[in-house]
Amino acid sequence: MNTYTVQQPQIAMTGVSVRTTNAEELGTNGQLSKLWDTYFQSHLASQAGINNPHLIYALYTDYESDASGAYTVVIGHELGEDALDHNDNHTVIPESKYLVFTTNKGPVYEVVAQCWGEIWSYFKDSEEVRTFTGDFELYDAGKFDPTQAVVKIYIAIQ
């Protein structure tokens with residue numbers, strides 16, 4: 001597993017969201033695939049005020065407790081500073097130290113799910129501690145091939 005640590009500044013973003021749990025996502029009531037459909041139908045990347053429209057963020061935030069509790073997922077794009085005053089529907093990826101996991105190359109839904117499994121296992125036996133303040137997946141749509149995807153997953157740590 002390929003990992004590294006970065007200090008990431010705060011990023012303001014806008015997007016579509018849903019509240020869910022890992023248990024829901026593993027069952028038949030999973031909402032994340034529908035949220036991705038909603039994102040693609042929204043054409044958010046073409047809206048005014050979006051910075052780096054080729055970068056898609058999937059933010060996991062507002063954790064109820066830890067990986068077993070409810071959380072909110074926001075899929076969208078970074079907002080420019082001038083757009084913040086005109087966008088009532090924005091959230092923030094918190095400034096934090098992040099441990100970055102890079103997926104294997106392969107079908108996007110498979111490699112992302114596999115990497116999250118590795119992340120959960122990693123933190124069971126790690127001295128590093130998750131903060132559950134905001135984690136995110138970063139997709140580069142400019143280089144994106146859903147059958148040969150490589151995704152970076154940023155996990156906020158102490």
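The values are calculated or read from the model by the stated rules, or taken from the named source; none is laboratory data. Keep in mind that what you see is a predicted model, and the values were worked out from it rather than measured. Virtual Cβ from ideal backbone geometry, glycine too; neighbours counted across all protein chains shown.
Listed by first and then second residue, the pairs linking a residue in the stretch 55-71 that is in contact (Cβ under 8 Å) with a residue 24 or more places away in the chain to a residue that is of a type in the set (Asp, Glu) and in a loop (DSSP other than H, G, I, E, B), with Cβ atoms under 7 Å apart and 6 or more places separating them unless they lie on different chains, are Ala70/Glu64; Tyr71/Asp62; Tyr71/Glu64.
Restricting the stretch 44-86 to residues that are among the β-branched types (Val, Ile, Thr) and crowded, with 19+ Cβ neighbours inside 10 Å, the residue that is farthest from Thr21 (Cα to Cα) is Ile50.
Table: residues versus (1) over 24 Å from Ser65 (Cβ atoms); (2) buried (at least 19 other Cβ atoms within 10 Å of the Cβ); (3) among the β-branched types (Val, Ile, Thr).
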residue: Gln114; (1), (2), (3): yes, no, no
residue: Asp125; (1), (2), (3): no, no, no
residue: Val129; (1), (2), (3): no, no, yes
residue: Thr133; (1), (2), (3): no, no, yes
residue: Phe136; (1), (2), (3): no, yes, no
residue: Lys143; (1), (2), (3): yes, no, no
residue: Ile155; (1), (2), (3): no, yes, yes
residue: Gln158; (1), (2), (3): no, no, no
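Filtered by the rule that a residue be in a strand (DSSP E or B) and either modelled with pLDDT of 95 or more or among the aromatic types (Phe, Trp, Tyr) (or both), the stretch 41-57 gives Leu55, Ile56, Tyr57.
Among the candidates Tyr57, Tyr63, Tyr71, the residue that is in contact with a Phe, Trp or Tyr (Cβ under 9 Å, 6 or more places away or on another chain), aromatic (Phe, Trp, Tyr) and more than 20 Å from Tyr109 (Cβ to Cβ) is uniquely Tyr63. The single condition among (1) modelled with pLDDT of 95 or more; (2) under 22 Å from Thr133 (Cβ atoms); (3) surrounded by 15 or more Cβ atoms within 10 Å (Cβ to Cβ) that Thr5 does not meet is (3).
Within the stretch 123-148, being at pLDDT 95 or above and of a type in the set (A, V, I, L, M) holds for Val129, Leu138. Just one residue in the set Gly76, Gly134 is in contact with a helix residue (DSSP H, G or I) (Cβ under 8 Å, 6 or more places away or on another chain) and either free of Cβ contacts under 8 Å to residues at least 24 places away in the same chain or within 26 Å of Glu24 (Cβ to Cβ) (or both); that residue is Gly76.
Residue-wise test of (1) among the hydroxyl-bearing types (Ser, Thr, Tyr); (2) more than 24 Å from Gly49 (Cβ to Cβ).
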site: Tyr63; (1), (2): yes, yes
site: Ala70; (1), (2): no, yes
site: Ile75; (1), (2): no, no
site: Glu137; (1), (2): no, no
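Quick check: is even one residue across the stretch 34-43 without any contact (Cβ under 8 Å) to a residue 24 or more places away in the chain, under 15 Å from Tyr71 (Cα atoms) and surrounded by 11 or more Cβ atoms within 10 Å (Cβ to Cβ)? No, because not a single residue in the stretch 34-43 is without any contact (Cβ under 8 Å) to a residue 24 or more places away in the chain, under 15 Å from Tyr71 (Cα atoms) and surrounded by 11 or more Cβ atoms within 10 Å (Cβ to Cβ).
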